[in-house]
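Working notes for the structure below.
The values are calculated or read from the model by the stated rules, or taken from the named source; none is laboratory data. Keep in mind the model is a prediction, meaning the values are calculated, not measured. Using ideal geometry, Cβ is built from the backbone for each residue, glycine included, and neighbour counts are taken over all protein chains shown. Surface accessibility is based on the protein's heavy atoms, side chains included, excluding ligands, DNA and RNA. Shrake-Rupley method; radii C 1.70, N 1.55, O 1.52, S 1.80 Å.
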Amino acid sequence: MTENTYYIEKLKQLIEEKSIEAGRRLTACTVTFGCQMNARDSEKLTGILRESGFELTESENADFVIFNTCTVRDNADQRTFGHLGRISHLKKKNPLMKVAVCGCMMQEKGNVEKIKKSYPFVDLVFGTHNLYRFAEYLWEVYSTDQKVREIWDKTDSIVEDLPIERKYPFKSGINIMFGCDNFCSYCIVPYVRGRERSREPGEIIRETEALARDGVSEVMLLGQNVNSYGKGLEDPISFAELLDEVCKVDGIRRVRFMTPHPKDLSYDLIRAVRDNPKAARHIHLPLQSGSDRILKRMNRHYTKERFIELAQKIREEIPDVSITTDIIVGFPGETPEDVDDTIDVIERVGFDNAYTFIYSKRRGTPAAAMEDQVPADVVKAGFDRVLAAVQKSARERAQLLQGRVMEALVEEVNAQKEGYVTGRLSTNMVVHVPGDASMIGSYVPVLLEECRGFYYFGKIV
Ligand code: SAH
Ligand code: SF4
Ligand code: F3S
């Protein structure tokens with residue numbers, strides 16, 4: 001019996017007793033902010049809650065609410081504080097209610113202090129490194145009625161086999177590595193997620209096989225810099241080799257990955273995607289900036305020309321591939337000419353889509369100490385120009401698919417348009433087609449009829 005199952009067994013009895021006392025089953029809600037990795041962590045938290053006997057709900061008006069936080073930009077922090085402010089009112093009305101906060105934001109001392117002071121009703125606080133002890137903390141909170149706050153500075157371990165409650169039956173993320181060693185000068189992730197560590201390939205394949213047996217056909221391999229996967233393992237293996245192995249698993253039809261770093265993207269990986277029909281025709285390749293001067297200050301280790309060359313190579317080798325990116329506007333010292341360089345890359349690469357972010361100062365990062373922070377109005381002007389360029393590029397790329405028939409995985413019923421379902425192409429493009437819930441999880445050939453900017457309306461043929 002693992003420690004987790006030990007605590008889950010104990011919790012089961014306790015939650016059962018409390019449910020009987022309350023005259024209803026206790027409910028639990030997981031609220032997630034941030035990236036795919038946080039989403040995967042939340043599936044583990046929710047899995048433990050389910051195993052412990054809670055009834056899962058989407059509503060924050062629950063008996064147990066856990067916020068899995070993100071701190072990559074200030075607005076992520078503010079969203080969490082907003083939710084905590086609102087939950088305090090619900091907690092006053094429900095004496096059974098307990099509230100937990102975990103995740104990246106909790107690895108920042110200032111935030112834990114703020115929770116203690118401004119949101120003293122929070123019952124449980126833990127960080128990213130001790131997430132796997134959630135069952136034990138939950139037991140402590142429920143058996144003692146005391147507040148539990150435990151943050152670890154780091155961890156070397158990777159804990160396997162936590163229970164998982166997947167959000168989608170047909171697709172799943174799979175962690176292949178944790179942490180990040182790149183220390184881009186604006187980014188807080190290496191500080192809150194710790195040093196890079198790769199999971200054993202055998203464990204990844206075992207998890208993929210188990211998912212496939214459970215009905216999953218699309219997986220996304222997750223890591224902050226997937227190209228450096230395998231470093232430090234006893235039998236080192238490259239990411240391209242891992243991708244091949246995962247594609248071999250029976251029942252898996254599509255394999256995605258997130259995120260490669262341009263500095264480490266090898267031609268081997270481009271070839272592995274090209275030669276593997278199961279590898280999705282989509283590469284998310286974060287640019288951040290198109291200016292060599294800014295890229296250097298960001299500690300990104302590539303140049304504008306190197307990035308463009310890589311993108312061209314990807315397009316040459318992989319027909320129909322889509323390339324998406326992340327861009328930051330307003331990094332310290334950025335001038336309108338630097339923004340021109342970013343726009344030049346957008347136009348020359350022709351991104352299929354991009355997330356554009358306004359630079360957010362993160363405490364403790366090298367960029368936060370840089371003196372030439374850019375005034376807000378200058379940032380806004382640059383941001384608008386970048387956004388317009390991204391939208392133009394995305395529209396042009398999307399239009400190229402007009403009239404094509406492509407395979408879509410149906411993901412959900414369309415909430416806006418009655419009688420429609422929403423699917424996703426291998427390129428990650430979204431398409432809405434007539435259909436019903438019975439089609440969810442199936443692959444269908446779709447005629448892309450009507451381009452609406454970044455997505456299509458179509459029909460099954
Ligand atoms: N590991 C991935 C992504 C990590 S965070 C990578 O290297 O690309 C996701 C995105 O958030 C980044 O690509 C970046 O564009 C953005 N980001 C990170 N820190 C930021 C900050 N301080 N301000 C604004 N955007 C930021
Ligand atoms: Fe942050 Fe850079 Fe690591 Fe991505 S690679 S998580 S941007 S430090
Ligand atoms: Fe946010 Fe943590 Fe992901 S800071 S972006 S949730 S790794």
Practice item. Have a look at the DSSP beta bridges in the range 176-297 and tell me what percent are antiparallel, nearest 5. Key: 25
Review point. What 222 nm value per residue comes from the helices of the chain, counting each DSSP H run with n ≥ 4 as -39,500 (n - 2.57) and dividing by all residues, nearest 500 deg cm²/dmol?
Key: -12000 deg cm²/dmol
Review point. So what does log10 I(q)/I(0) come out to for the range 383-428 at q = 0.16, 0.33 Å⁻¹, using the Debye formula with one equal point on every Cα and no solvent?
Key: -0.66, -1.05
Revision key, fill the gap. The range 81-225: spread of alpha-carbon positions along the three principal axes, whole Å, largest first, is 46, 39, 26
Review point. Ignoring ligands, DNA and RNA, what percent of the accessible area of the range 405-460 is carbon or sulfur (1.4 Å)?
Key: 51
**Study point:** Probe 1.4 Å, accessible area per residue of the chain, Å²
**Key:** 45
Exercise for review: Determine the percent antiparallel among the DSSP beta bridges restricted to the chain, to the nearest 5.
Suggested key: 35
**Study point:** Euclidean distance of C-alpha centroids, the range 98-119 and the range 240-266, integer Å
**Key:** 35
Study note, to complete from the structure: So for the range 405-460, using the alpha carbon gyration tensor with a ≥ b ≥ c as root eigenvalues (a/c under 1.5 gives rounded; past that, a/b versus b/c decides prolate or oblate), I'd call it oblate
Review point. On average over all directions, what projected area in square nanometres does the range 301-365 have, based on the convex hull of its Cα atoms?
Key: 5.2
Practice item. Pull up the cross-link candidates among the lysines for residue 154, meaning alpha carbon to alpha carbon under 18 Å and not fewer than 8 places away within one chain. Key: 109
Practice item. Compute the relative contact order of the chain as a whole-number percentage, counting only Cα pairs closer than 8 Å that sit 6 or more residues apart in sequence. Key: 10
Point to revise | Where only alpha carbons of the range 171-399 are counted, the Rg and the Dmax (Å) | key: 18.3, 54
Exercise for review: For the range 320-328, take each phi angle, set θ = phi - 60°, evaluate the Karplus expression 6.51 cos²θ - 1.76 cosθ + 1.60, and give the result in whole Hz per residue in order, putting x for glycine and proline.
Suggested key: 6, 5, 10, 10, 10, 8, 10, 10, 10
Practice item. Starting from the coordinates of the alpha-carbon atoms of the range 344-461, obtain the Kirkwood hydrodynamic radius over all distinct pairs and give the value in Å to one decimal. Key: 16.6
Review point. Mind checking the angle between helix 336-349 and the chain's longest principal axis? C-alpha axes, 0 to 90 degrees, to the nearest 10.
Key: 80
Point to revise | Pairs of Cα atoms farther than 20 Å apart, the range 3-150, % | key: 43
**Study point:** Taking the range 3-150 and dividing mean pair separation by its residue count, relative contact order in percent (alpha carbons under 8 Å, at least six apart)
**Key:** 24
Check your understanding: Where the centroid of each part is defined by its Cα atoms, how far is the range 390-461 from the range 1-42 in Å?
Key -> 36
**Study point:** Calculated log₁₀ intensity ratio I(q)/I(0) where the Debye formula runs over C-alpha points of the chain, q = 0.09 Å⁻¹
**Key:** -0.65
Revision key, fill the gap. Filtered hits (lysines, Cα-Cα < 25 Å from residue 92, offset >= 8 within chain) -> 18, 114, 116, 117, 147
Practice item. Scan the chain and report its longest stretch carrying no GluC sites (Glu not before Pro) that are both in a DSSP loop and have at most 16 other Cβ atoms within 10 Å. Key: 235-370
Point to revise | Amide H contacts of residue 358 (H built 1.01 Å from N, under 5 Å, at least 5 apart or other chain) | key: 329
Review point. So which aspartates and glutamates can residue 44 reach, going by Cα to Cα under 17 Å and dropping same-chain residues fewer than 8 places off?
Key: 3, 9, 55, 58, 136, 160, 161, 165, 203, 207, 214
Practice item. Report the accessible area of residue 320, computed with a 1.4 Å probe over the heavy atoms of all protein chains in place, in Å² rounded to the nearest 10. Key: 70
